[in-house]
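The values are calculated or read from the model by the stated rules, or taken from the named source; none is laboratory data. Here the structure is a predicted model, which means the values were calculated and not measured. Every residue, glycine as well, gets a Cβ built from its backbone with ideal geometry; the counts of neighbours run over all protein chains shown. These area figures cover heavy atoms from the full protein model, side chains too; ligands, DNA and RNA do not enter into them. Shrake-Rupley method; radii C 1.70, N 1.55, O 1.52, S 1.80 Å.
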Amino acid sequence: MQSIDHHFLDDYACRNALRGIDTRIKLILGLGGILIAISADTPYAPLFIAIILSIVTVFIAQIPARLYLALLFIPASFALMSVVVILFVTGGGVPIVTIPLPWLTLTATDAAALHALLILSRAIGGTCGLLFIALTTPVIELFSILRSLRLPDEFIDLAMLLYRSIFVIIGEAVAIYNAQVMRNGYSSFRKGIIAISMLASSLFIRAWDRGEELMTAMDLRCYDGKFEILEPTTAPTIYQFFPVLLFLSIAGILAFLPLPFPPL
Amino acid sequence: MHIMEGFLPSPWWQIWFILSAPFVIMGFYALRRMVHENREALPLLAVAGAFVFVLSSLKLPSVTGSCSHPTGTGLGSVLFGPFITSVLALIVLVYQALFLAHGGFSTLGANLFSMGIAGPVVAYAIFVAGKKAGINEIVTIFFAAAFANIITYVVTSLQLALAFPAEVGGIMASFVAFGAIFAITQIPLAIIEGLVIALVFKYIVQLKPEILIKIGVITQERAERLREGWA
């Protein structure tokens with residue numbers, strides 16, 4: 001399937017080796033890593049976080065390394081474009097690269113290069129934190145966390161119904177797309193535009209019908225405006241909590257130590 | 001156009017969370033009111049949100065050959081108004097981060113503001129203005145969806161420029177630089193999204209106008225007029 005990305009990370013999250021660990025611990029680890037990575041003033045802490053969380057995700061949670069590497073490259077095009085801009089617009093220090101263009105001259109200085117490197121390392125550290133959560137925590141386990149945050153019931157029910165609906169209609173989207181490809185629906189740009197519009201509109205109408213059917217089904221089961229969720233029965237143990245605390249402390253110390261950067 | 005995880009430094013990621021919060025809270029109230037008035041609203045909103053999610057994971061045929069996908073929030077805003085759309089966009093953005101590694105948690109506030117608030121508000125304003133002026137709905141939808149996309153990208157450029165101002169020329173110079181580099185992919189994409197959403201709207205009016213009439217997007221007479229126009 002080339003055009004529709006339906007290999008959701010949630011599939012892997014439901015089968016990962018850390019599935020049994022308390023959700024709160026995993027969230028503290030992932031979100032804590034992200035927070036420390038984006039607050040760091042030197043690239044050391046973000047890179048430490050990136051390395052440790054990658055090891056945890058690939059070796060302990062047993063996510064295929066090939067998949068993990070491919071995922072790290074998803075935001076690469078955004079990172080590349082933005083880092084190039086930062087490299088050439090921020091300044092200070094000694095110019096290291098100068099590119100003369102007909103209408104302006106682009107100059108990158110050593111300070112700008114260090115700045116770009118710092119931004120890039122933060123983004124990599126943050127992405128590893130995000131991937132850790134995405135690959136080890138199934139979305140269904142987040143709903144009880146949302147409820148304990150006292151978000152409105154309507155909002156949580158909407159999030160749950162939306163989650164379910166995604167899987168229902170993505171299957172239809174793939175089926176329609178395949179049928180269109182079989183009939184040369186995307187053989188030219190113009191046909192492609194028409195085909196994708198037809199796909200989206202019939203998908204919308206079918207999704208709407210599904211919604212009405214779902215409502216009937218919910219009424220039959222006495223839906224009263226709140227889905228009950230089974231709360232987790234396991235409590236986080238000290239053996240789970242200690243390594244997380246240790247990791248976050250080392251990362252935090254690395255982030256706020258006045259280490260020299262660049263190292264020379 | 002998602003800003004990737006970890007890209008925005010302090011204090012900008014916090015500022016965008018704070019700026020997005022009032023819209024989401026308004027959205028919570030609008031959602032509660034809608035659900036209390038009409039019990040059918042919740043599953044229908046859910047499938048509409050799922051539709052936006054699936055739409056945003058479709059790759060559009062693109063001129064530049066880059067990975068480009070529609071934001072889909074323009075359509076949501078026309079159907080349900082900007083506040084409800086901001087709540088839907090919040091859920092969709094979290095799922096995009098968790099399922100597809102697009103966007104992230106620390107940049108959620110900034111992405112929500114550009115994609116779930118600024119874009120939909122503009123789309124809604126264009127749609128309402130076009131409706132008052134009596135312009136053909138298909139044309140207004142084209143502009144609403146295309147501008148929702150363009151505004152999203154302009155706001156993203158602004159967010160990056162504020163966080164990373166230029167040495168010479170400050171925020172403005174940096175804004176122009178980010179805007180110029182993203183424009184290469186985003187301008188054609190906005191036009192394509194406008195076309196696709198307008199065609200989607202046209203097909204819905206042709207095949208099942210009851211949906212749009214029921215939620216008050218167009219009236220019975222307008223739907224019949226539009227269908228006669230094509231016949």
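For residue A:132, state whether it is aromatic (Phe, Trp, Tyr), in contact (Cβ under 8 Å) with a residue 60 or more places away in the chain and more than 7 Å from every other protein chain (Cβ to nearest Cβ).
Answer is yes for this residue.
Taking first residues from region B:1-18 that are facing chain A (nearest Cβ under 10 Å) and closer than 18 Å to residue A:125 by Cα and partners that are assigned to a loop (DSSP other than H, G, I, E, B) and modelled with pLDDT under 85, the Cβ contacts under 6 Å between residues at least 6 apart in sequence or on separate chains come to B:2/B:102; B:2/B:103; B:4/A:75.
Conditions tested, residue by residue: (1) in a helix (DSSP H, G or I); (2) farther than 25 Å from residue A:170 by Cα.
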residue	(1), (2)
B:99	yes, no
B:106	no, yes
B:112	yes, no
B:120	yes, no
B:123	yes, yes
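Restricted to region A:214-234, and to residues there that are at pLDDT below 80 and exposed (fewer than 10 other Cβ atoms within 10 Å of the Cβ), the residue that is farthest from the other protein chains (Cβ to nearest Cβ) is A:233. In region A:1-13, the qualifying residues are those that are within 10 Å of another protein chain (Cβ to nearest Cβ) and outside any helix (DSSP H, G or I), and the one that is modelled with the highest pLDDT is A:8. When each of A:75, A:95 is tested for being of a type outside the set (Val, Ile, Thr) and surrounded by fewer than 18 Cβ atoms within 10 Å (Cβ to Cβ), the lone residue that passes is A:95.
Results for (1) acidic (Asp, Glu); (2) under 24 Å from residue A:235 (Cα atoms); (3) not assigned by TED's automatic domain parsing to the domain that holds residue A:75, shown as yes or no for each residue.
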position: A:119; (1), (2), (3): no, no, no
position: A:125; (1), (2), (3): no, no, no
position: A:128; (1), (2), (3): no, no, no
position: A:132; (1), (2), (3): no, yes, no
position: A:143; (1), (2), (3): no, yes, yes
position: A:146; (1), (2), (3): no, yes, yes
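From the list A:155, A:204, A:242, A:167, which one is within 28 Å of the chain's Cα centre (by Cα), assigned to a helix (DSSP H, G or I), in the same structural domain as residue A:8 (by TED's automatic domain parsing) and not aliphatic (A, V, I, L, M)?
That would be A:242, the only listed residue that is within 28 Å of the chain's Cα centre (by Cα), assigned to a helix (DSSP H, G or I), in the same structural domain as residue A:8 (by TED's automatic domain parsing) and not aliphatic (A, V, I, L, M).
Of the residues screened, residue B:60 is one that is touching a Ser or Thr at 6+ places or on another chain (Cβ under 9 Å), at pLDDT below 90, open to solvent by 10 Å² or more (accessible area, probe 1.4 Å) and under 26 Å from residue A:186 (Cβ atoms).
Provide a single number: the residues in region A:14-45 that are more than 21 Å from residue B:10 (Cβ to Cβ), of a type in the set (Val, Ile, Thr) and in a loop (DSSP other than H, G, I, E, B).
Residues flagged as more than 21 Å from residue B:10 (Cβ to Cβ), of a type in the set (Val, Ile, Thr) and in a loop (DSSP other than H, G, I, E, B) within region A:14-45 amount to 1.
Flag: residue B:187 matches the condition of being surrounded by fewer than 21 Cβ atoms within 10 Å (Cβ to Cβ), closer than 30 Å to residue B:218 by Cβ and more than 8 Å from chain A (Cβ to nearest Cβ).
So if I check each of A:92, A:125, A:129, which one is more than 25 Å from residue A:33 (Cβ to Cβ) and not charged (D, E, K, R)? Checking each option against the conditions leaves just A:92. Residues in region B:164-175 that are more than 9 Å from every other protein chain (Cβ to nearest Cβ) and either buried (at least 16 other Cβ atoms within 10 Å of the Cβ) or over 15 Å from residue B:12 (Cα atoms) (or both): B:170, B:172, B:175. Cβ-Cβ distances below 7 Å connect the following pairs, each with a first residue in region A:183-212 that is more than 22 Å from residue B:205 (Cβ to Cβ), a second residue that is aliphatic (A, V, I, L, M), and a separation of six or more residues or different chains: A:186/A:195. Each residue in region B:141-154 was checked for being among the β-branched types (Val, Ile, Thr) and within 9 Å of residue B:198 (Cβ to Cβ), and 1 pass. If you check A:259, A:245, A:214 for being within 30 Å of residue A:20 (Cα to Cα) and of a type outside the set (Lys, Arg), only one passes: A:245.
Among the residues of region A:112-127, is any in contact with an Asp or Glu (Cβ under 6 Å, 6 or more places away or on another chain), open to solvent by less than 10 Å² (accessible area, probe 1.4 Å) and either within 21 Å of residue A:58 (Cβ to Cβ) or assigned to a loop (DSSP other than H, G, I, E, B) (or both)? Scanning region A:112-127, I find at least one residue that is in contact with an Asp or Glu (Cβ under 6 Å, 6 or more places away or on another chain), open to solvent by less than 10 Å² (accessible area, probe 1.4 Å) and either within 21 Å of residue A:58 (Cβ to Cβ) or assigned to a loop (DSSP other than H, G, I, E, B) (or both), so the answer is yes. In region B:15-25, what count of residues is obtained for those that are open to solvent by 80 Å² or more (accessible area, probe 1.4 Å) and closer than 13 Å to residue A:155 by Cβ? Count: 1.
Considered as a group, the residues in region B:34-57 that are outside any helix (DSSP H, G or I) and under 15 Å from residue B:214 (Cα atoms) include one that is most open to solvent (accessible area, probe 1.4 Å), and that residue is B:39.
Among the residues of region A:183-196, is there at least one that is assigned to a loop (DSSP other than H, G, I, E, B), of a type in the set (Lys, Arg) and surrounded by fewer than 15 Cβ atoms within 10 Å (Cβ to Cβ)? Yes, the conditions are met somewhere in region A:183-196. Checked against the criterion of being open to solvent by less than 90 Å² (accessible area, probe 1.4 Å), hydroxyl-bearing (Ser, Thr, Tyr) and within 30 Å of residue A:48 (Cα to Cα), region A:243-255 contains one or more residues that satisfy it. In region B:204-212 there is at least one residue matching the filter, namely being more than 20 Å from the chain's Cα centre (by Cα), more than 9 Å from chain A (Cβ to nearest Cβ) and open to solvent by less than 50 Å² (accessible area, probe 1.4 Å).
If you filter region B:24-43 down to residues that are in contact with a helix residue (DSSP H, G or I) (Cβ under 6 Å, 6 or more places away or on another chain) and without any contact (Cβ under 8 Å) to a residue 24 or more places away in the chain, you find that the one that is farthest from the other protein chains (Cβ to nearest Cβ) is B:41.
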